Every structure is written in C-alpha cells, then in structure tokens.
1. With the requirement that a residue be assigned to a loop (DSSP other than H, G, I, E, B), within 26 Å of GLY166 (Cβ to Cβ) and hydroxyl-bearing (Ser, Thr, Tyr), what does the stretch 624-662 give you?
2. Any residue at all in the stretch 564-574 that is touching a residue at least 12 places away in the same chain (Cβ under 8 Å), among the aromatic types (Phe, Trp, Tyr) and over 19 Å from GLY378 (Cα atoms)?
3. With respect to the numbered conditions (1) over 30 Å from THR291 (Cβ atoms); (2) modelled with pLDDT of 95 or more; (3) assigned to a loop (DSSP other than H, G, I, E, B), which one is the sole condition not fulfilled by LYS566?
4. Conditions: (1) in a helix (DSSP H, G or I); (2) among the β-branched types (Val, Ile, Thr); (3) not assigned by TED's automatic domain parsing to the domain that holds GLU427. VAL232 meets all but one. Number of the miss?
5. Report every pair of residues separated by at least 6 positions or lying on different chains whose Cβ atoms are under 7 Å apart, first residue within the stretch 147-171 and crowded, with 24+ Cβ neighbours inside 10 Å, second of a type in the set (Asp, Glu).
6. Could you tell me which of the residues GLU276, GLU286, GLU266 is touching a Gly at 6+ places or on another chain (Cβ under 9 Å), in a helix (DSSP H, G or I) and surrounded by fewer than 20 Cβ atoms within 10 Å (Cβ to Cβ)?
7. What's the total number of residues in the stretch 2-38 that are charged (D, E, K, R) and without any contact (Cβ under 8 Å) to a residue 40 or more places away in the chain?
Amino acid sequence: MGDRIAEIWGSRTPYPAGGDWPARVDEFVEDGVGADGIDWVQSACVLCSNGCGIDIGVHDGRIVGVRGRSEDRVNHGRLGPKGLFGWQANNSPDRLTTPLVRRDGELEPASWDEALDLVVDRSRQVLDEQGPLGMGFYTSGQLFLEDYYTLALMVRGGIGTPHLDGNTRLCTATSDFALKETFGTDGAPGSLTDFDNCDTLFAVGHNMPETHTVLWSRMLDRLQGPDRPKLVVVDPRRTRIAQEADVHLALRNGTNLALLNAIQHELIANGWVDKEFVDAHTVGLEKLASTVAAYPPERVAEICGVEADDIRAAARIIGSSERLVSTCLQGVYQSHQATASACQVNNINLLRGMIGKPGASVFQLNGQPTAQNTRETGANGDLTGMRNWQNPSHVEELAKLWNLEPAQIPSWGPPTHIMQILRYAEEGSVRFLWITGTNPAVSLPELHRIRSILGQDRLFVVVSDPFLTETAEFADVVLPAAIWGEKTGTFTNHDRTVHLSEKAVEPPGQARPDMDIFIDYANRLGLKDKDGRPLIKWRTPEECFAAFGEATRGRPCDYSGLSYQKLRGGSGIQWPCTEDSPEGTERLYSDHVFNTQPDYCEDYGHDLLTGAAHERKDFTDQQADGRAILKAADFSPPHEPPDDDYPLLFTTGRTAYHFHTRTKTRRAPQLQAAAPEAWVELGTTDAERLGVAEGDFVRVESRRGYLEAKARVTDVREGVVFAPFHYGYWDKAPRNGDAPTAANELTSTEWDPVSKQPLFKVAAVRVTKAGRPVEERS
C-alpha cells in the first residue's frame with residue numbers, strides 16, 4: 001500500500017476516457033491481527049462526502065481495520081488517509097460511556113433515566129412558558145438517514161418548531177439552494193462516472209486533492225491517462241489541483257461572481273453557446289446576456305487580480321469542450337455571494353448544453369458524508385422528501401404521512417438557519433438547544449460570540465456526542481452517542497449513491513444510537529399523532545428506512561425502490577430508485593426536462609442579491625415549467641475589504657489529514673502525527689515584507705479575534721492569508737501557551753443572503769510576528 005500519509009492518493013492506475021477506472025483495494029489493519037481472525041462487515045466511509053464503499057474489520061468484538069470495496073461504484077476499492085486510519089477513534093479511551101449532568105457547575109456521571117428526565121423536564125418548562133419557538137435543535141452531517149428522519153419528525157411534526165438545522169449549513173447549504181434555483185429541486189444531476197468520460201474539468205473553489213482525496217485519485221488517473229482532459233482551476237492558492245491546471249485563475253477572495261460573469265461573457269460573445277439547447281430547455285438567457293455584457297475580461301481582471309488573457313484562455317477551453325464537468329465547493333459556498341456564484345457555474349454548463357449525458361454535468365458538491373441526507377429528510381432548511389414549505393399541498397401531504405394536522409407542521413416561514421437560531425438564543429427567545437454530533441464552539445464563525453451564547457445560564461444546552469468536545473464543555477446534559485460501525489443505517493453521497501452501513505461492534509459502555517435516543521425522548525415527552533398514538537412508529541433503523549421510502553415516493557429523491565436487503569452486498573445505488581428504475585438512476589435530466597413545474601418544484605427561488613424569497617406567482621411568471629433557469633446577478637464586493645489597519649485577506653480551509661474539528665481524526669495516531677497543529681500560510685512576497693520566515697510564530701488578527709501559529713511560506717497569491725479551520729482553542733501552540741489556534745476566532749457573523757451559509761473565506765486581517773509587531777503590508 002505504501003506510505004499513505006506521504007502518498008495521500010496512493011499509486012496511479014491511468015485509464016482513457018470512457019474506460020473503467022481500474023480497481024485498487026486499499027487496506028489497513030492493526031499490527032498483530034491475523035487475516036484469518038477478521039470478520040468483514042459492509043459499510044461506507046463517513047469522513048468526506050465521496051462515500052467510499054468500505055468493509056469494517058472486526059476481531060474479538062473490536063474494530064481492527066478497514067478495506068475498500070472493489071465492487072463499489074464510488075471508489076473501486078480505494079480509500080484516502082482519513083478512511084484508512086480514522087476508524088481508530090472508535091477505540092479511543094476518550095469515548096464517553098455514560099451520560100453526564102451538570103451539578104454545581106461540574107459535569108458528573110448520571111443514569112440515562114436521570115439525564116433524559118432532566119432534558120424532558122426542561123423541555124416541558126420551555127414549551128409551557130414560551131411554546132415551540134423556545135426550542136432549538138442543531139444536528140450534524142455525519143449521522144445516518146434514519147437518525148435525521150426521526151429527528152425531523154420529532155422536531156417539525158411533534159414539537160412543531162421551525163428551529164431545526166444541520167451543520168451542513170456550513171458546508172453544503174449553497175449546494176442545495178443553487179440546485180433548487182437552477183433546476184427546481186435539490187439533487188446532483190450527474191454521476192461520478194462523468195469524471196471517467198469528460199474532456200474538460202472546471203474546478204471552482206474546490207481543493208479536490210485534500211477535500212475529496214479518492215475523487216482526486218480518479219481524476220489524477222485520468223490526467224495521467226492517454227487522453228488527458230483539460231483542467232481549469234479557480235482558487236487563490238496554488239493547490240495540488242492548481243498545479244495540474246492548464247489555466248489557474250488565482251483570483252482575489254470574494255470575487256468569484258465577477259470571474260464567472262466574465263467567462264459567460266466570453267462564451268456568449270464568441271458564440272460558444274449551444275443555442276438550440278438553450279432555446280429549447282432554459283429560460284432567462286436575455287437577462288443573463290445583458291448582465292454579463294458588463295463583465296469583459298479587462299474589467300474583471302482588475303476586480304479579481306488576474307490576467308485578462310488568462311480569463312480568455314479559460315473561457316476558450318470551456319467553450320471548445322465537448323464533455324464538460326464543473327465542480328465547486330467551499331471556495332464558492334462560504335462567501336458573500338455564494339448562491340449567486342454557484343448558479344453561474346450551473347449556467348456555464350447549461351450554456352454549453354453540458355448536462356444529462358455522460359461526461360457532462362455540474363457538481364454542486366457536499367463537504368460532509370451525510371449532508372445530502374439532512375436535506376432529503378428535512379433535518380436542515382428543507383421539508384422531508386424535498387417538499388416545498390411554501391406549497392400547501394406539499395405540507396398537507398407530509399401531514400398525512402405523519403398523521404398530523406397540517407397546522408402542526410411549521411410552514412408559515414422558512415425553516416430557521418443556525419445563525420438565526422443562535423441569534424434567538426442570544427436574545428433569550430430560544431431557551432433550549434440540543435446539539436447532536438457537531439462542535440459549534442470550533443466550527444461556527446466569531447467564536448467568542450458562540451462561547452458567550454452557549455455559556456448563558458438561561459440557555460439549557462444538551463449535547464449528544466461520542467466525545468467531550470469543546471461544545472460539550474458548555475452543556476447542561478451530555479448524552480454518549482454510538483457512532484459509525486456501532487449502529488446500522490444508510491447514507492447518501494454527493495452523486496446520490498445510497499450505502500448501507502451495518503453495525504459491526506457494540507458501542508462502548510452505555511453509549512446509544514441517536515435514533516434510539518430521539519425515540520426515547522419523544523416517548524417521554526409524550527409526542528403523539530392526531531389519533532393519540534406515539535408519533536414515531538418505528539423502532540428499528542430498517543423500519544425507519546422503509547417509512548422514509550414511502551415519504552419520498554413520487555418526490556425527486558425517491559427511495560421507494562430501495563431496501564436494506566437490496567443494499568446488502570455489491571455497490572451502493574443511486575436514487576431515484578423506483579419500480580420503474582429498480583437499479584437506480586445514474587443521471588438526472590437525461591431527457592432535459594427539469595423539475596421546475598410549479599406544483600412539483602422544491603422552492604420558488606430567491607432574489608440572488610438580497611435573498612428575498614419569491615412567491616409562487618413570481619416563479620410561475622418565469623414560465624420555466626420543465627426548463628432550467630439561467631439566473632443572473634451583478635457582482636458586489638465583500639463587506640469587509642482590506643484597509644490600512646487590516647491589510648490582508650483571510651481565508652480558511654482543510655487538510656487531507658483531518659475532518660472538521662478533529663473530534664475523531666485527532667484520535668487517529670497517523671492523522672494526528674501528520675498534522676498535529678495549526679499553521680498559517682503566507683505568500684512569499686508578504687512573508688518577506690513582514691520579515692516572516694518558514695516556521696516563525698505569527699499572530700493573525702481580525703476585528704473579532706486572533707490566532708497564533710507557525711507560518712508556512714507558500715505561493716498563495718499576494719495579500720491572502722490561509723489557515724485550516726480544524727483546530728480549536730484547546731490546541732495549544734507550543735511556544736505560545738494558551739494562544740488560540742482556531743481560525744474561526746477571526747471570521748465574521750455574516751452569511752449568504754440566499755443559502756444563509758456563513759462566510760469563512762473573506763475577512764480582513766493583519767499579521768505580525770508573535771511577540772513583537774512587524775512592518776505591515778502597505
């Protein structure tokens with residue numbers, strides 16, 4: 001296998017366009033465990049949104065290793081470093097094994113009855129005093145579909161509050177909204193096999209080699225194959241993918257929309273538009289053409305800080321492609337015009353007629369492994385089954401499924417996003433907050449504010465987690481949760497592939513699956529349907545999955561043809577999977593009929609600049625009715641530009657070795673050793689001006705906070721400062737004692753107006769050598 005820390009993507013297996021990606025089975029097993037003594041249990045990896053097929057190795061009731069599943073359509077046996085080594089967190093001595101309850105200011109062990117009775121008592125108090133709007137719930141992108149669907153029914157149907165969101169708001173909300181704005185509903189149009197067939201790849205704000213290591217292995221094998229696809233990359237950093245690019249557009253943070261408008265300007269001006277396709281299958285071309293006419297390369301070069309000729313070269317590659325795959329991720333999603341920019345990426349594929357056929361698609365990718373499921377089940381900003389909260393018939397349909405009165409389901413406004421839930425908690429109207437499987441004390445912006453909110457005496461905080469995280473330190477009750485490998489459930493990756501993860505081992509101590517915890521809580525709280533029966537009818541994950549299949553019947557994410565039995569063995573299966581498509585559906589919109597019919601669509605759209613929600617009449621007036629919507633938007637600069645006091649632009653991101661706030665990956669020895677502490681990247685010119693050398697400790701300050709970490713001098717563009725966001729306040733810089741290393745000490749309480757995704761990519765900062773000021777960049 002080689003050193004998969006040093007060789008992140010493993011050995012190369014080049015292949016031609018249209019060929020099958022060769023299988024390569026990656027495996028890691030603890031030393032001293034013989035192969036004959038291992039039982040292999042089917043699962044999939046939960047450490048990025050690729051969802052690679054994986055088998056869990058079990059010996060004497062303990063996880064001892066993993067191997068890739070060669071037959072799986074997603075990874076053909078490959079695993080990245082996190083997949084190979086991250087499972088060791090399951091065996092960590094740090095696991096929570098009993099509930100904890102705060103007594104006299106300290107978290108102390110308690111029984112499940114004591115802990116849940118306290119949670120129920122406080123819930124009843126809040127419901128009696130403030131009603132459902134006093135209750136808030138914040139979940140993860142790493143649970144299973146069955147956990148989310150149970151949570152969505154409990155919160156939206158039982159308690160009746162709109163205050164339910166997932167931390168997928170931080171990584172994938174823009175993906176969801178951009179797909180709805182353009183195509184009418186959520187759901188990736190394409191298939192991972194499109195990477196096998198494309199002749200051009202357009203990667204916008206997507207550091208694929210580190211965020212999706214196995215997907216990059218696939219693309220790298222194409223790039224080293226006999227008919228190399230062209231590659232255009234948009235990123236202020238010269239990442240590994242940028243090093244492979246034919247054109248790398250190292251733009252200034254926060255200027256994505258202007259650049260994408262310029263590319264569309266060139267496509268239209270040069271006649272690189274599939275006019276027949278656009279006329280037949282889209283609406284909005286006239287307004288789009290009028291808007292992008294104001295963005296010639298020369299003007300945009302000034303805005304973005306790139307060469308006009310490079311913009312033209314990128315447009316020429318895209319305009320001459322025959323099979324174009326476009327991808328985007330956090331570089332687009334975590335900025336101030338996130339949804340507007342993501343829609344322009346959709347537009348580029350539509351202008352070229354590149355959708356619904358092999359090698360031609362747009363991927364609005366996800367960050368977390370089960371992010372897609374929060375959207376499908378209704379555990380974030382959507383209603384269950386991709387229903388439209390503004391469509392009364394959709395709400396009535398959901399109420400009938402749940403045997404509730406429609407008025408019980410909060411649909412008078414959009415589901416509340418986490419930044420607003422926390423604002424309500426800050427102001428005192430939300431008095432109960434249950435946080436499941438996520439660590440907002442590290443992952444949310446402006447962390448001093450988050451700590452102050454979570455630390456309020458008037459806010460009752462419940463945390464379900466396998467570890468005592470930075471967030472759990474603020475909790476009144478901590479519930480020990482079972483994790484991957486310790487429970488059965490399903491999850492869906494970013495090309496709609498559904499995998500079954502079987503229970504391989506028992507959870508430690510008294511830890512319990514989230515679904516079981518929710519059912520127990522709902523029963524103790526006395527949540528009933530309109531006939532007085534328990535609200536939640538299922539008791540096993542398989543029963544829940546079957547119920548969800550019925551809830552999605554006839555909707556875009558139709559699971560009605562799937563079952564646990566069908567998902568056992570072989571590969572994952574893509575939804576929609578129905579009686580008419582029993583083996584799943586590889587590509588959506590192959591007939592070029594889009595989900596923009598007013599009675600079927602999931603959302604009526606928004607004004608991309610203000611975020612104002614359109615009503616049904618606004619949507620109907622577009623006369624899309626089965627055609628995709630080309631949405632135009634003008635560029636506006638970020639709200640916090642550099643100035644004399646804070647002359648640099650700060651951006652955050654990831655490393656291949658860690659996942660989110662390192663709750664699990666820092667407990668894997670190989671991953672922790674590979675990236676044990678935070679760092680700060682500075683460009684060569686900025687480092688020289690500041691007198692900073694490789695390895696020096698630097699202090700990065702914004703108007704909200706600071707961090708201290710070692711400097712790395714790289715070829716990131718001049719004026720840009722980068723830090724990974726994985727590291728929390730607990731991660732001590734060796735020389736600086738208690739200095740914070742969390743990137744989100746610096747980021748701002750601001751979000752995209754449409755998707756409500758927070759900004760992590762644009763903040764004004766200054767950099768000094770730690771311990772003494774240095775000359776700042778003029």
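1. Residues satisfying the conditions are THR655, TYR657, THR661.
2. Looking for residues that are touching a residue at least 12 places away in the same chain (Cβ under 8 Å), among the aromatic types (Phe, Trp, Tyr) and over 19 Å from GLY378 (Cα atoms), one finds at least one in the stretch 564-574, hence yes.
3. Every condition holds for LYS566 apart from (3).
4. Just one mismatch for VAL232, condition (1).
5. So the pair list comes out as ASP147/ASP514.
6. Only one candidate qualifies: GLU276.
7. Number of matching residues: 5.
Per-residue answers, yes or no, for (1) under 30 Å from ARG103 (Cα atoms); (2) charged (D, E, K, R):
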{"site": "ASP465", "(1), (2)": "yes, yes"}
{"site": "MET515", "(1), (2)": "yes, no"}
{"site": "GLY572", "(1), (2)": "no, no"}
{"site": "CYS577", "(1), (2)": "no, no"}
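The values are calculated or read from the model by the stated rules, or taken from the named source; none is laboratory data. Note that the structure is predicted; figures quoted are calculated from it, not measured. All Cβ positions, even for glycine, are placed from backbone atoms using ideal geometry, and neighbour counts span all protein chains on display.
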